[in-house]
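Q: One structure follows; several queries about it will come next.
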Amino acid sequence: MFGRNRKIQNVMGHEIDRPRLTKWGYKALILYVGLPSVLLLLLLDIFLYFLFRYAFDSCYGIFCYL
């Protein structure tokens, strides 16, 4: 992956593939990194919407154009 040897290696006479991320690795990456990031950004967006809408009495985002 990052800075690792990308060639096929021989270990005790057996050829092994280069290291790669498996489908379970991708699922774990989405579950533990992607989903919390999206939820955090969603909560931040909701907080900023109510802050601008009711505290500053101004429009927020695309609702300004409607």
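Q: Right, ILE30: β-branched (Val, Ile, Thr), more than 30 Å from LYS7 (Cα to Cα) and either in contact (Cβ under 8 Å) with a residue 60 or more places away in the chain or out of contact with any strand residue (DSSP E or B) (no Cβ under 9 Å at 6 or more places or on another chain) (or both) or not?
A: Numbers: β-branched (Val, Ile, Thr): yes; more than 30 Å from LYS7 (Cα to Cα): no; either in contact (Cβ under 8 Å) with a residue 60 or more places away in the chain or out of contact with any strand residue (DSSP E or B) (no Cβ under 9 Å at 6 or more places or on another chain) (or both): yes.
For ILE30, the condition - β-branched (Val, Ile, Thr), more than 30 Å from LYS7 (Cα to Cα) and either in contact (Cβ under 8 Å) with a residue 60 or more places away in the chain or out of contact with any strand residue (DSSP E or B) (no Cβ under 9 Å at 6 or more places or on another chain) (or both) - is not met.
Q: Quick check on my filter: what residues within the stretch 10-31 are surrounded by 10 or more Cβ atoms within 10 Å (Cβ to Cβ) and either assigned to a helix (DSSP H, G or I) or aromatic (Phe, Trp, Tyr) (or both)?
A: Matches in the stretch 10-31: GLY25, TYR26, LYS27, ALA28, LEU29, ILE30, LEU31.
Read the figures in this text as sums done on the coordinates, not as results from a lab. Please read these numbers as outputs of a predicted model, since none were measured by experiment. Every residue, glycine among them, receives a Cβ derived from its backbone with ideal geometry; neighbour counts consider all protein chains shown.
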